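Read the structure below first, then the notes.
The values are calculated or read from the model by the stated rules, or taken from the named source; none is laboratory data. This structure is a prediction, so every number in the text was calculated from the model and none was measured. All Cβ positions, even for glycine, are placed from backbone atoms using ideal geometry, and neighbour counts span all protein chains on display.
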Amino acid sequence: MKNKKYILFILGISLFSSCSFLDTESFAALVGEPQDKVEQASAYKTAADAQREAAGLYENFRNNTFQFDLFGYNDIQSDNCYHGGDGVPGEEMDAVKLNPDNDKVKILWNEYFKMVGDANIVIDNTELMDAKSIDPQTRNKIVAEGKFIRAYAYLDLVRIYGDVPLLLKMIPAMSSENLEQIRPLLYPVRAPKEEVYDQIVKDLNEAIPHLASTSKGSSSATKGAAYLLLAKAYASRGTKSNRDYNQVVAYCNKVISEGYQLVNEFDDLWKPEIKFTSESIFEVNYENERPNWAYWVLFSEADGQITWRRYCTPTHELIAKYTANDKRFESSIVYKSVDYDTHYPKGKYPISNKIRNKVSNIKLLRLADVLLLKAEALVELNNISEAMSIVNVIRKRAGLLDITGLPAQGTAREIVELERQLELYMEGHRWFDLLRNERVIPVMTNHKYKDGKLLVPVLEEFRLVWPVPQNEKDSNPNLVQNTGY
């Protein structure tokens, strides 16, 4: 409403009567309404006010994206899961044939840009506070948390959509004097991927000196989490042949040096009563008063019944990859009796088992991911021996025998890829892994239903990035659609 008020005001000024760009809904609907100086001052009077607003940024990690849509993007869209429901948005994702009107395309775009906008508001308002109202250490920490969250959102946005609008400032209140200045914020163009990655790296490097080394049992940004995002950024930007894998290894080592430790038993990671383990780098906390809706979507209803097809059903291919002695299987997948036989017999239907009840935390970043990402980078540097040593640490916890000998580089790539798939199933990584390693098309064009029929017989390369949501393109003439859509 506030945005519309300013728009009407401006339209009433004859000097700007030709500004037809204000006739359509602007990006402010996603990243936050224009900020009036009086309102800013009232919201950020003290350090406690700024800390409260910064704490609110983490509420974005409780939204639909992190409760189940990111699993959809990475697990349903890949060879990890079948879509369990019968809605068109999920079916298109399962077949890797999304269109710009797909609800999933809109949801991720909207919720990630909300994270960006919320972060910008906290960063800018905190930086504007008078020195008498906030001490330098508190100011720097709050700004650092905002930059971490902005970088987190942009890392996913650039991997999902490619070029995206790069918004680094909150939208100020509009007036006749600043209309042309605000226009690019309301109707932004898409920035090239490399520019987005540069900003991610910049934000994280600026944030790290002011972040804590440990989250102390809370869902908050830390140095280790920021180092891991940097490792992922360097592992993902550009093409596989021109990446700086030494940087990936270096940042993985920085995460490890923060003191994280693998838990002894893999299953302990998923017990709802065990939260913020020594392996956890960044996780979202849930309690009875603030439950995790993902449990009802992925596993069962509140009363324990399973009466409709769960959102993510493990594929036959995935299940076949777990060997008999792999402890991770029973921790990750459980068989239940259900009322449907869409992909499996009713009496023995596999259900994802990493989110076990309404107070289960969601682990977004953990040490095993770091170790296997480091192993992946070491393989690209042809340090196969060290890479396999890391893989064997993960395999030992899973109850598996060591990889022996020194495999060729191509075989080593396959070993690390498989270990990441089995270790990180239903944690929102698989599609990103395939994309990063330029393996989406060969893997997905061999992905099958239970009857052996190919699920994605043909996969055009343009579908490796999602389309810009059609409603956003219609509202903003400066947004160019991805090729092919």
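Scanning the stretch 366-413 for residues that are in contact (Cβ under 8 Å) with a residue 40 or more places away in the chain, crowded, with 16+ Cβ neighbours inside 10 Å and either in contact with a His (Cβ under 6 Å, 6 or more places away or on another chain) or farther than 25 Å from residue 257 by Cβ (or both) yields one hit, 400.
Taking helices (runs of 4 or more DSSP H) as the structural unit, those lying wholly within the stretch 135-249 and holding at least 3 residues that are hydroxyl-bearing (Ser, Thr, Tyr) correspond to 136-161, 223-236. Within the stretch 350-365, restricting attention to residues that are surrounded by 23 or more Cβ atoms within 10 Å (Cβ to Cβ) and of a type in the set (Val, Ile, Thr), which residue is nearest to residue 62 (Cα to Cα)? My answer is 362. Cβ-Cβ contacts under 6 Å between residues 6 or more apart (or on different chains), taken from a first residue in the stretch 142-158 that is closer than 12 Å to residue 226 by Cα to a second residue that is buried (at least 24 other Cβ atoms within 10 Å of the Cβ) and of a type in the set (D, E, K, R), are listed as 147/203; 150/203; 151/203.
Residues 403, 415: which one is part of a helix (DSSP H, G or I), in contact with a helix residue (DSSP H, G or I) (Cβ under 9 Å, 6 or more places away or on another chain) and of a type in the set (Val, Ile, Thr)?
Details: 403 fails: part of a helix (DSSP H, G or I).
One residue alone meets the criteria, 415.
Scanning the stretch 198-232 for residues that are more than 14 Å from residue 251 (Cα to Cα) and basic (Lys, Arg) yields 202, 216.
From the list 215, 175, pick out the single residue that is of a type in the set (Gly, Ala, Ser) and within 30 Å of residue 287 (Cβ to Cβ). Step through it out loud before you land on a result.
Working: 175 fails: within 30 Å of residue 287 (Cβ to Cβ).
Sole residue among the options that is of a type in the set (Gly, Ala, Ser) and within 30 Å of residue 287 (Cβ to Cβ): 215.
Can you find even one residue in the stretch 246-266 that is in the same structural domain as residue 383 (by TED's automatic domain parsing), within 27 Å of residue 413 (Cβ to Cβ), surrounded by fewer than 19 Cβ atoms within 10 Å (Cβ to Cβ) and of a type in the set (Lys, Arg)? Within the stretch 246-266 (the criterion being in the same structural domain as residue 383 (by TED's automatic domain parsing), within 27 Å of residue 413 (Cβ to Cβ), surrounded by fewer than 19 Cβ atoms within 10 Å (Cβ to Cβ) and of a type in the set (Lys, Arg)), the answer is yes, since at least one residue qualifies. Being touching a residue at least 12 places away in the same chain (Cβ under 8 Å), in a loop (DSSP other than H, G, I, E, B) and within 28 Å of residue 26 (Cβ to Cβ) is a description that does not apply to residue 110. Note on the stretch 291-318: among residues that are of a type outside the set (Ser, Thr, Tyr) and in contact with a Cys (Cβ under 9 Å, 6 or more places away or on another chain), the one that is modelled with the lowest pLDDT is 298.
If you filter the stretch 319-349 down to residues that are crowded, with 19+ Cβ neighbours inside 10 Å and out of contact with any helix residue (DSSP H, G or I) (no Cβ under 9 Å at 6 or more places or on another chain), you find that the one that is modelled with the highest pLDDT is 349.
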